[in-house]
Amino acid sequence: MASAASSTTAPAISHKIKEGVAPLRAGQGISFFLRRLHSLTGIIPVGAFLFEHILISNSTAISGPAAYARQVTFLGSLPLVFFLELFFIWLPIAFHGLYGLYIWYRGDGNVAEYPWTGNWMYTLQRWTGGIAFAYIVWHVWTMRFAGIDLHAYPSASFGKVQEEVFQPALFIFYVVGLIAASWHFSYGIWLFFAKWGIITAQRAQKRFLVFCLLFFFLLTGVGLASLAAFRSRPQQPIEPGMAAKVTQSAESR
Amino acid sequence: MAAAPKIIVVGGGLAGLSAVIKIAEMGGNVDLFSIVPVKRSHSVCAQGGINAAKNLKGEGDSTWQHFDDTVYGGDFLANQPPVKAMCEAAPGIIDLLDRMGVPFNRTAEGLLDFRRFGGTLYNRTAFAGATTGQQLLYALDEQVRRYEAEGKVKKYEHWEFLSAVLDGNGVCRGICAIDLRSMEVRTFPADAIIICTGGIGAIFGKSTNSVVCTGSAQSALYQQGCYYANGEFIQVHPTSIPGEDKLRLMSESARGEGGRVWVPKKPGDNRDPKSIPESERWYFLEEWYPKYGNLVPRDVATRAIFKVVYEYHLGIDGKPMVYLDLTHIDRKILDRKLEGILEIYEKFVGDDPRVTPMKIFPGMHYTMGGLWIDYKQATNIPGIYSAGECEYQYHGANRLGANSLVSCIYGGAIAGPASVKYAQGLQGSSDGNGCFEAEKKKQEESNVRLMNNQGTENPFKLWHELGELMTKDCTVIRYNKNLEQTDAKLVELLERFRKVNLSDRTQWANTSVVFARQLYNMLQLSRVIAQGARMRDESRGAHYKPDFPERDDKNWLKTTKAYFAPDADEPKFEFEPVDVSLIPLRPRKYDVAK
Amino acid sequence: MANKSVILRIKRQPNPAAKAHWEEFELAYKPNMNVTSCLMEIAANPVTREGKATTPITYDSNCLEEVCGSCAMLINGRARMACSALIDHLEQPIRLEPFSKFPIVRDLATDRSVIFENLKAVKAWVPVDGTYDLGPGPRMTQEEQEGAYPLSRCISCTCCMEACPQFNEETGFVGAATISQVRLFNTHPTGKALKRERLAALMGDGGIQECGYAQNCVEVCPKDIPLTKAIAEVGGEVMKQAFVDLFRR
């Protein structure tokens, strides 16, 4: 036994336990600011814009091309519209979307192991956010930067939208984008109220969740109705010559 | 000025943490050793409460009454002066814990609420729901964490104490410990060490104790020359929930809040307990002990249950179990005051005790015996102190419910400053004359021997045998013949231990070698318990011999002091008179008011 | 399923550097078995189902009554305490794995000390002046006590962290348990003296902002602690603090 002693008393092959998740970096970094800014931009201005875009502006399509054109004209007539769009829509959406993708990348979804409502919502919030972001990028590109300039020719708006929604694949993309964005925003409101400590108790949170779900149905419903409106009418003209130019239409008012 | 005293505290339960806080507060440096992260220590299991005579219920309670109840409940075996000091300190301890943020239950006015516990007629037990021990431990753990953040305390968690390092003069100079992950054996110097390593439940196989409560550290020190006192006094808690892996405690607070113990009057009555009418239930504790009823001390309740089950054959379904009934108490009150323990029953048995009477049976719970210490918590080896369940000072022959938490915190609060004072009086620092190297080598060799041993015995199986043996003959009812056989069997088990064969010989987080070491120490300590019980021919507190049913103050009002005789490899005994200078002896009876 | 035996599939890993593998064990069924009693039985007879001799399983355990927080592991894929996992309620074969988000020590034992570091970082204690006799603590109403008590029952088992999709090396998220402790101490009459510092700590990287509100924490918590409520409440406090810091400091 003595002979074995030397072998075992020799320092054991010591293994190193890995570092693992780092402890809290108390008071360090700016991730708090970024995360809260992300949360805030989701409500204002991005959410607020979505609210306006679906419930106010696009719902005018239900009343027909003329009403729709009037709304587009009005929006186009806002002072410094490009800067409004840049600072209150595009940059916030870009930040919210890109930082959101970063958040998504950093989380480890585990809904397979823990298939509970809150966890499904967590997962869904990421997927709907991703889908909505992709849709919005495409939507902004085609509506704002490609094809006819709707600020210059508002009366072409109805037709331009129609041109897209009459294509089945794009129509599906519209519907999916609408549902994803509506869901993401509705549950986002719920998340905002929970994370910012406005509604804290579980029962109250459940009640508020019902409210947010209703809001989702409202958004989706109005959005679908607007889409239906586009598809229910014959294709309206888009050509610059056939559509009245914005200055004229503004004068005619 | 000399450097700050360096104290090693072994064990991070209530006693250890209490000592750590006191030492840090006095400016000392502490190395705190614990097998588990200290927040996971066994103190968390204490449920019911902590005693202090704050007299907030207008009952005329006083610290003297608390003292008297404790001494009387302990059947006069405890030295009275330290018990008196503890009871006097108790109200201050409660205040301190209250200030530290323990969420004690409150009265309508916002003051501390108190409940009744066994062995007293006063509402003297402060409580935080049914998880008082957990709340108390956390409060101290948080304060220690604060000192740790300030650099005054260094924790060695997942380290196990192996032995004390003694110099040529028999003075303690530090400890030898093993890293339970890397298996590295290392020595640590200190001016003094405080042993706060808790209970010895594992000796009895299944008990209400936690896995780490093996008594291994106490036993190692006993084998190094510390006296072990009153080892034969083992408390069996009357109400535990039998389980496959352990006996889970059903707190005395269940009875404190009005729980009633009964059995069906008809043997073998297997009706649903709820359908058994009042007239066919036997509330035997209430009948036998009209004054204290269900709140007789634990030893008395345990023996009563044994009698009902084994002599009257009235156990539920013929099994060793009786009912503990809470169903007559309002659900809201139960949830507010007992939720934690009811939840345990619900979780581990599957029945709701608010609706169905609980099935319970006595289970090994606590050791009144432990390392011998003086009134300053010092053992007989200079530089070694001890506090908490692992020492013997405060509970005599039987501990009252809710007294252990107070004795832990009080003991630690005495041991801490006493060790600092001792350290400050040390003459220079000894290099130990190579005693550190020697101790390390000795412990390493012992590990190597175990690792390389080619035998046939599985340590876990030996442990099962030990547990069954000790539970059968060294708990509630003791006969000399059986105790002699027990000791003989212990010798046999020690012999078989030499042929132990570890199924794990790796050098990383090897639980087998650590367990084997603990087992050896358990076996050695078991002999102290068995032989101590054999010698004490009387019945006192938890120690009950039907052949000697009376307390015998003439011959046995003595502290049993066991010491290890290395040559004989067995315990030898001395006896020391008990200090009964404050409360005169009187018979202990719970059928009438004292 | 044969009801007379219990089959366990256990993920083994002898040390942090080794590769993990699975071993299967078959035990005779007894009533009232739980996962820890099975692991104890395997220790006494470490032989796999195929009859191969192996080593006892290394795992953390202590109280075995779900109050010490030691024996957390993945049982059939979910974070929970082994002691309160009754065999009768588990689908067989029972899969035992170590926590996936904590560094492995051996077999089912992981190093979960990060939670204690986190508690340190948020100063989870009441700053008492000392242990000498300073009279009783502050008065508290029953309502306040009943608010604090559930939070105070946290056993630091880290189930809430393991189950949290946001808790990982990428985020270094502090986890629900620590946030709930901030809530506990910030509401204590004396503890709130450090409220500002605790909230400031939680605004650091890995702080409360990393919470994604998946709410797994509150579902897996063995002590039913209202974790999401605590997170929401602290979330509100943190925002208030952030605004105060922005405008008043």
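What follows is calculated from the coordinates using simple rules that are stated; it is not laboratory data. Not measured: the values here are computed from a predicted model. Quick reminder, even Gly has a Cβ in these numbers, built from the backbone with ideal geometry, and neighbours come from all protein chains shown.
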* Excluding same-chain residues fewer than 8 positions from B:Lys472, which aspartates and glutamates have a Cα within less than 20 Å of its Cα? -> B:Glu232, B:Glu244, B:Asp245, B:Asp299, B:Glu311, B:Glu484, B:Asp487, B:Glu492, B:Asp537, B:Glu538, B:Asp547
* Added length on full extension, which subtracts the Cα-Cα distance from 0.36 nm per residue, A:Glu239 to A:Phe88 -> 51.4 nm
* Asked: Among the aspartates and glutamates, which fall within straight-line cross-link reach of C:Lys123, defined as a Cα-Cα distance under 19 Å, with same-chain neighbours fewer than 8 residues apart omitted?
  -> B:Glu25, B:Asp98, B:Asp141, B:Glu142, B:Glu148, B:Glu150, C:Glu197, C:Asp205, C:Glu233, C:Glu237
* To do: Using only Cα atoms, tell me the angle between helix B:435-452 and the longest principal axis of chain B; keep it within 0 to 90° and round to the nearest 10.
  => 60 degrees
* Asked: Over all residues in B:41-48, what is the mean tally of Cβ atoms on other chains that come within 10 Å of each residue's Cβ?
  -> 3
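Per residue of C:223-232, what is the mean number of Cβ atoms on other protein chains within 10 angstrom of that residue's Cβ?
Whole-number average of other-chain Cβ neighbours for C:223-232 is 4.
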* Calculated FRET efficiency, A:Val175 and A:Tyr102, Cβ-Cβ r, R0 35 Å, to nearest 0.05? -> 0.80
* Compute the Rg to Rh ratio over segment B:397-495 from the alpha carbon atoms, using the Kirkwood formula for Rh, and round to two decimal places. => 1.13
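Helix-only mean residue ellipticity at 222 nm, chain A, DSSP H runs n ≥ 4 weighted -39,500 (n - 2.57), per residue, nearest 500. What is it?
For chain A, the value works out to -20000 deg cm²/dmol.
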* In what sequence do A:Arg207, B:Arg505, C:Arg112 fall when counting other Cβ within 10 Å, fewest first? -> A:Arg207, B:Arg505, C:Arg112
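Which of the peptides C:58-69, C:162-173, B:256-267 is most tightly packed, and how do the rest follow, judged by the mean count of other Cβ atoms within 10 Å per residue?
C:58-69, C:162-173, B:256-267
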* How big is the gap, in Å, between the Cα center of segment C:158-197 and the Cα center of segment C:200-249? -> 7 Å
* Within segment C:5-110: Cβ-based charge dipole about Cα centre, in debye rounded to nearest 20 (Lys, Arg +1; Asp, Glu -1) -> 360 debye
* Asked: Which distance in Å, rounded to a whole number, links the C-alpha centroids of segment B:94-116 and segment B:251-316?
  -> 32 Å
* Asked: Where a ≥ b ≥ c are the square roots of the eigenvalues of the C-alpha gyration tensor, would you call the protein assembly as shown rounded, which needs a/c under 1.5, or, failing that, prolate if a/b is larger than b/c, or oblate?
  -> prolate
* Hey, what number do you get for chain C at 222 nm if only DSSP H runs of n ≥ 4 count, each worth -39500 (n - 2.57), divided across all residues, to the nearest 500? -> -9500 deg cm²/dmol
* Asked: Want the number for B:Lys441 to B:Lys558: 0.36 nm per residue separation, take away the alpha-carbon distance, what's left?
  -> 38.2 nm
* Over what distance in Å are the Cα centres of segment A:40-85 and segment B:325-360 separated? -> 61 Å
* Structure fact -> In degrees rounded to 10, the 0-90 angle between helix B:14-25 Cα long axis and the longest Cα principal axis of chain B is 50 degrees
* Quick one: grab the alpha carbon gyration tensor of segment C:5-110, order the square roots of its eigenvalues as a ≥ b ≥ c, and give me rounded if a/c is under 1.5, else prolate or oblate depending on whether a/b is larger than b/c. => oblate
* Structure fact -> Taking the dipole of chain B about the Cα centre (Lys, Arg +1; Asp, Glu -1; charges at Cβ), the one of B:His464, B:Asn79, B:Tyr422 that reaches farthest to the positive side is B:His464
* State log₁₀ I(q)/I(0) for segment C:114-248 at q = 0.13, 0.16, 0.21 Å⁻¹ as given by the Debye formula over alpha-carbon point scatterers of equal weight, solvent excluded. => -0.54, -0.81, -1.29
* Structure fact -> In nm², the average projected area of the convex hull spanned by the Cα atoms of chain B is 26.3 nm²
* Asked: Roughly how big is chain C's charge dipole about its Cα centre, with Cβ charges of +1 (Lys, Arg) and -1 (Asp, Glu), in debye to the nearest 20?
  -> 240 debye
* Asked: Once the Cβ-Cβ distance between A:Ala67 and C:Arg139 is put in as r, and R0 is 56 Å, what FRET efficiency do you end up with, to the nearest 0.05?
  -> 0.25
* Given the convex hull over the Cα atoms of chain A, what projected area results after averaging over all orientations, in nm²? -> 21.9 nm²
* Asked: What is the average number of partner chain Cβ atoms found within 10 Å of a Cβ in A:27-40?
  -> 5
* Structure fact -> Once both label points are put 7 Å beyond Cα along the C-beta direction, the C:Glu169-A:Leu124 separation in nm becomes 3.3 nm
* How far, in degrees from 0 to 90, does helix B:480-497 lean away from the longest principal axis of the Cα atoms of chain B, to the nearest 10? -> 40 degrees
* Packing-based exposure ordering (other Cβ within 10 Å, fewest first) of B:Arg173, C:Arg196 -> C:Arg196, B:Arg173
* Would you calculate, for chain B, the mean residue ellipticity at 222 nm contributed by helices, counting each DSSP H stretch of 4 or more residues as -39,500 (n - 2.57) and dividing by all residues, to the nearest 500? => -11500 deg cm²/dmol
* **Net charge dipole size for segment B:172-307 [Lys, Arg +1 and Asp, Glu -1 on Cβ; Debye, nearest 20]** => 200 debye
* **Order by protection proxy (mean Cβ within 10 Å, highest first), peptides B:376-383, C:47-54, B:317-324** => B:376-383, B:317-324, C:47-54
* Structure fact -> Checked against a 30 Å limit on the C-alpha separation, the offending pairs among B:Lys6/B:Lys461; B:Lys22/C:Lys223; B:Lys545/C:Lys4; B:Lys6/B:Lys376; B:Lys347/C:Lys195; B:Lys22/B:Lys461 are B:Lys6/B:Lys461; B:Lys22/C:Lys223; B:Lys545/C:Lys4; B:Lys347/C:Lys195; B:Lys22/B:Lys461
* Asked: B:Lys291: which lysines have alpha carbons under 17 Å from its alpha carbon, excluding same-chain residues fewer than 8 sequence positions away?
  -> B:Lys589, B:Lys594
* **Sites B:Leu582 and C:Tyr132 - FRET efficiency at Förster radius 30 Å, r taken between beta-carbons, to 0.05** => 0.70
* Which distance in nm do the two modelled labels at A:Leu214 and A:Arg231 give, with both placed 7 Å along the Cα-to-Cβ direction? -> 2.8 nm
* To do: Please say if segment A:82-184 is rounded, prolate or oblate, where rounded means a/c under 1.5 for a ≥ b ≥ c the square roots of the C-alpha gyration tensor eigenvalues, and otherwise the choice is prolate for a/b larger than b/c and oblate otherwise?
  => oblate
